[in-house]
Structures are given as C-alpha cells and as structure tokens.
Amino acid sequence: MVPAAHLGEPAAYKYKQWTHHHAAERPGNVRRQSCVPTPLGSARTTDMGSADKRSFLTLHDYGMGGLWWWIRARTAREVLETFAWVEVVTDPESVARFEGEELAVVDIDDPRMPPGLDGLRAQRDAQRGRSGFGALADRDIVYLRRTSDEDDDGPAVQLLEVGPDGRRIRQVEPAEDGSAVRGRPEDWLFDPPVADLFDPELADQEIDRGEFEEQWARARPADTDL
C-alpha cells in the first residue's frame, strides 16, 4: 500500500512532501470546512468496493506537518465519526492538487488501517458510546473553557472560539492577576485544530458566547512579531 503523504516544514506556512519529494502549499483555505458534506467534484469515485462509497481527501493536521489519505466512505461525516482529529478537505484547489498524488486509498470498512490512521480510529472507537460523544459536532461555532494540566507549559486557562474544523477563530488567555490577552489566527505561527468536536469530554468544557465576549472585550491584544 502506498503510504500516506507526510507533509511538514517547521516554522513556516508551507508543508514539504517528504514522501514524494516536492512541495505542497499548506491548505489555509481549507479552514472551517470539515463538517460540510462533500460537493460533487471534490470527492473521487473509484471502482474499488461498493458503489455507494466515494474517496474523500482527508487530512490529519498536527501543526508542523500533516498526514493525507483518500478515504473511501459513504459520507464525509462518516469519515469524521470514524477517525479522531481528521478533517475532510473539500476545497477544490487542494483536491485537484492531490488528484495526481499517489496517496494511500483506504476503505473505511477495512479491519486494518495504515500507520497513523490506525491510532486515530482506535482513539475514536474508545470515545464512541460515551456520554457527550459528537454533541458539539454540528455547531458552526463552539465556545470552550480549557484548563491546562499543572505540568503543561501553556497558559493555565484558555477561552476558545472554535470553528467546525476544530481550529481557533479567537482565543483569550486570562491571567491570575485579572488581566487577559486575546489573539486571532494571524497572531499564531501554527494553527492546527485544537479541538475534535466529536470528543465527548468537550461537552463539559462548553461555555456560552456571552462569557467569551465579556472576556474578549476586556483583554489586550497579543504582542507578536509574526
């Protein structure tokens, strides 16, 4: 089986395809499309397996790189329900760019998955059936309060405005002294998904928009040289 394309280039908004030795632009225009049903022309129909499946271009974006597959499934939502931390890419430019690539073609019903995708399916399998699974998945915007572990080097508390692809739209970092810093995507060097909206644990992290907007209004802009 052809391996998944593994793309990565530190400290830049470009990915380099190591597997096939040429560059591919980071799909910044893919944002907030993961829950949109794939339109005609943005999924490949194959002659492999059942006729009711199409191949959806699927990305696991981990910040400094990404893994790509064509996943044969019945719907885009089926892909998202089966694998954690993936998004279905429907942007026509990105789909066209990968049409000619020798990406791994994976059938969603196969009992064995290629490396990288196998762990994402196992993670989703462990979540399925738990209270709150998929509760936030159909939202256009979700507001979350996230508390970091004591050993985490990041901020202790983050208030997040998150789109359907799991990426931040806006973020507020309150401090213990009552001050707060706010940021947008242009303030961050990398902007991978920070939330998998099918994750059952997110249901307990949800806050209302009013709480987020109140914190956003009093926060100062982030200091950044990006």
Accessible area of the stretch 176-226 belonging to carbon and sulfur atoms, whole % at 1.4 Å probe = 43 percent
Dipole of the stretch 52-170, positive direction: furthest Cα of Gly132, Phe56, Ser94, with charges on the beta-carbon | Gly132
Whole-angstrom gap from the stretch 49-102 to the stretch 162-223, using each part's C-alpha centre | 27 Å
Just how large is the dipole of the stretch 68-152 about the Cα centre, in debye to the nearest 20, putting +1 at every Lys and Arg Cβ and -1 at every Asp and Glu Cβ?
-> 400 debye
At R0 = 25 Å, FRET efficiency that the Cβ-Cβ distance of Met64 and Ala175 yields, to 0.05 | 0.35
Accessible surface of the stretch 96-162 [probe 1.4 Å, protein heavy atoms]: carbon and sulfur percent = 44 percent
Among Leu160, Trp188, Pro111, pick out the residue whose Cα is farthest towards the positive end of the charge dipole of the stretch 105-226, where Lys and Arg carry +1 and Asp and Glu carry -1 on C-beta, about the Cα centre.
-> Pro111
Residue separation between Glu214 and Asp138 times 0.36 nm, minus their alpha-carbon distance, gives in nm 24.9 nm
If each K or R counts +1 and each D or E counts -1, the residues other than Arg145 whose Cβ falls under 10 Å of its Cβ total -2
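The values are calculated or read from the model by the stated rules, or taken from the named source; none is laboratory data. Note that the structure is a prediction, hence the values are computed from the model and not measured. Heads up, the Cβs are rebuilt from the backbone with ideal geometry, glycines too, and the neighbour counts pull from every protein chain shown. Quick note on the areas: whole protein, heavy atoms, side chains included, nothing else; ligands and nucleic acids left out. Shrake-Rupley method; radii C 1.70, N 1.55, O 1.52, S 1.80 Å.
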